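Q: Sharing a structure with you now.
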Amino acid sequence: MNRLRIPGLRPVAPLQAMGVARFEAGLTSGAPQMQVCNACGQAHFPPPCACSCGGTSFRAENLPTTGTLYAATIIHAAPGALAALAPYVVGLIDLQDGPRLLLRVLGPQGWEPECDSPVQLLILDYDDGPVLAACPENIDLTDTTAAGQNAQAGT
Ligand SMILES: [Zn+2]
């Protein structure tokens with residue numbers, strides 16, 4: 001999974017909920033995991049108490065690294081901690097054989113999100129920890145204009 005170094009602290013501290021520390025450890029090692037129901041095979045993230053099939057036994061598997069942008073929106077009026085990032089893109093990502101995740105989506109200057117387009121997961125390494133995000137599958141992450149602090153949403 002690709003990584004992008006971003007100086008400074010994460011805009012929002014992670015919740016201290018069940019499974020978060022394990023997920024952060026997975027992000028740090030580059031292999032975040034999801035839970036898969038042993039009864040029906042449905043992938044879950046975050047970890048559920050029970051599957052929709054009623055199953056309560058899960059195995060951990062690595063999150064798929066690619067998926068499709070199901071839907072996206074451009075946030076112009078952001079809450080306080082995220083105001084400095086606006087405008088930024090948030091999208092629902094359907095991971096290949098995995099769960100649907102709501103993530104920030106980074107793109108190059110002038111990029112506009114397009115539904116059903118291929119995306120890849122991306123780990124943003126802040127000074128105080130990692131954050132999972134996504135970007136278009138063909139983006140050049142070494143291009144600093146393409147991977148700036150503020151994802152450009154186009155106008
Ligand atoms: Zn199940």
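Q: Among the numbered criteria (1) within 16 Å of the ligand (Cβ to nearest atom); (2) at pLDDT below 95, which one does Ser57 miss?
A: Evaluating Ser57 over (1) within 16 Å of the ligand (Cβ to nearest atom); (2) at pLDDT below 95 leaves (2) as the failure.
Q: Could you please find all residues in the range 115-138 being in a loop (DSSP other than H, G, I, E, B) and either among the β-branched types (Val, Ile, Thr) or over 14 Å from the mean Cα position of the chain (by Cα) (or both)?
A: Cys115, Asp116, Ser117, Asp127, Asp128, Asn138
Q: Here's something else I'd like to know. Among the residues of the range 55-66, is any in contact (Cβ under 8 Å) with a residue 60 or more places away in the chain, closer than 19 Å to Pro130 by Cβ, touching an Asp or Glu at 6+ places or on another chain (Cβ under 7 Å) and surrounded by 13 or more Cβ atoms within 10 Å (Cβ to Cβ)?
A: Checking the range 55-66: at least one residue is in contact (Cβ under 8 Å) with a residue 60 or more places away in the chain, closer than 19 Å to Pro130 by Cβ, touching an Asp or Glu at 6+ places or on another chain (Cβ under 7 Å) and surrounded by 13 or more Cβ atoms within 10 Å (Cβ to Cβ).
Q: While we're looking at this one, here's another question. Which residue out of Pro7, Pro14, Pro32, Pro46 is modelled with pLDDT under 90 and more than 16 Å from the ligand (Cβ to nearest atom)?
A: Residue meeting the stated conditions: Pro14.
Q: I need the full set of residues from the range 72-96 which are over 22 Å from Ile6 (Cβ atoms) and surrounded by 14 or more Cβ atoms within 10 Å (Cβ to Cβ), in order please. Walk me through how you get there before you give the answer.
A: In the first step, residues of the range 72-96 are kept if they are over 22 Å from Ile6 (Cβ atoms); the result is 77, 92, 94-96.
Those that are over 22 Å from Ile6 (Cβ atoms) and surrounded by 14 or more Cβ atoms within 10 Å (Cβ to Cβ): Leu92, Asp94, Leu95.
The values are calculated or read from the model by the stated rules, or taken from the named source; none is laboratory data. All of these numbers come straight from a predicted model, not from anything done at the bench. A quick note on method: Cβ atoms are made from the backbone with ideal geometry, for glycine too, and the neighbour counts reach across all protein chains shown.
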